[in-house]
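Working notes, beginning with the structure itself.
The numbers here are math on the coordinates, done by the rules we state, and not lab data. Small disclaimer: the values here were computed from a predicted structure and weren't measured. As a convention, Cβ positions derive from the backbone with ideal geometry for all residues, glycine included, and neighbour counts pool all protein chains shown.
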């Protein structure tokens, strides 16, 4: 799933599912997915790999679908590990604003203040959000709960 800001094409956030995590300490970890989080801000890019549970990715997908269908006009999701927060709002004229906060393991290496979260504002059109939802849905379908 890739968010490319319609107001600034150099602001990009991408989440890609790489597969099931090979590190499982308990039976609950069998649904842990290894994900790659990539950012592009200006001319600076960075990628980090971190785990998310299948249910967390499905919650993200479900929330984005609710925004797109306008069943809700505001969405807030927080993933304590790896340190990802998403605040999304419906704007007039079929536009959406996503405020993404990256901290802990996801803070880009080029961020000026690595001890503080990095925030990205991404503006999407309705078509861009739909495309991101479809990409994430295809990824989620490839890695069902086990």
Seminar exercise, completed: Here FRET efficiency (C-beta to C-beta, residue 87 to residue 59, R₀ 22 Å, nearest 0.05) is 0.90
For this session: Provide the three semi-axes, in whole Å and in decreasing order, of the ellipsoid equivalent to the chain as defined by the square roots of 5 times the Cα gyration tensor eigenvalues.
Result: 24, 20, 13
Exercise. Tell me, how many Å apart are the Cα centres for the range 8-68 and for the range 90-146?
Worked result: 9 Å
Exercise. Over the chain, what is the mean sequence separation of C-alpha contacts under 8 Å (at least six apart), divided by residue count, expressed as relative contact order in percent?
Worked result: 25 percent
Exercise. Pick from 69, 107, 26: which is most flexible by mean-square fluctuation in a GNM of the chain where alpha carbon atoms under 10 Å apart are linked?
Worked result: 26
